[in-house]
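The values are calculated or read from the model by the stated rules, or taken from the named source; none is laboratory data. Everything numeric here is computed off the predicted structure, so don't read it as measured data. Here the Cβ positions follow ideal geometry from the backbone for every residue, glycine too, while neighbour counts run over all protein chains shown.
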Amino acid sequence: MVLKREAEEESVKPHEFLTVRSEANSLRKELSAPSLVMAVAVYVPEQYARLLATAEDASDLETTWQEWHQVLQDTRQKMAALGMYLIDVTVDLNELEAYCQWQGLPNTSSTRAEYAAHLLSEQHQQQAHLQRRRSSLLQQTKKKKHRRR
């Protein structure tokens, strides 16, 4: 009961401790819910050597695409077990390098993650726009059919 002892040492009242514990249990349930989705930068085998040649943190990357891909699959399984799901975002190295130059950022894992999230956000916005457009067209079609009757 280390937590209880720490609570007593810091003059935390028992009901406050229970509230914190209750909130922690609630947070744990939320984290275990399959609702967290994250973009993950994915590279095609043909461009992996170029990634190794241009990334400032290349020494932290796997030496082959096959090794990298296996680590990705292992990570995907571990994350899914925690309720976090990875969405593959294929990164073209030409576009990544242009993004790095445009933003003034180095080609590092954090920049690549930011770029993948940026691409996923753009894809989501485009999809939402297309869905709104489709919905609008369907409504217009229904109105025209209704007028013909």
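When only residues in the stretch 43-63 that are closer than 22 Å to residue 119 by Cα and assigned to a loop (DSSP other than H, G, I, E, B) count, which is nearest to the chain's Cα centre (by Cα)?
It comes out as 43.
Which one of 82, 93 is in the same structural domain as residue 41 (by TED's automatic domain parsing) and out of contact with any helix residue (DSSP H, G or I) (no Cβ under 6 Å at 6 or more places or on another chain)?
82 is the lone residue from the list that is in the same structural domain as residue 41 (by TED's automatic domain parsing) and out of contact with any helix residue (DSSP H, G or I) (no Cβ under 6 Å at 6 or more places or on another chain).
Might you let me know whether the stretch 93-107 holds any residue that is more than 19 Å from residue 42 (Cα to Cα), at pLDDT below 70 and in a helix (DSSP H, G or I)?
No, the stretch 93-107 contains no residue that is more than 19 Å from residue 42 (Cα to Cα), at pLDDT below 70 and in a helix (DSSP H, G or I).
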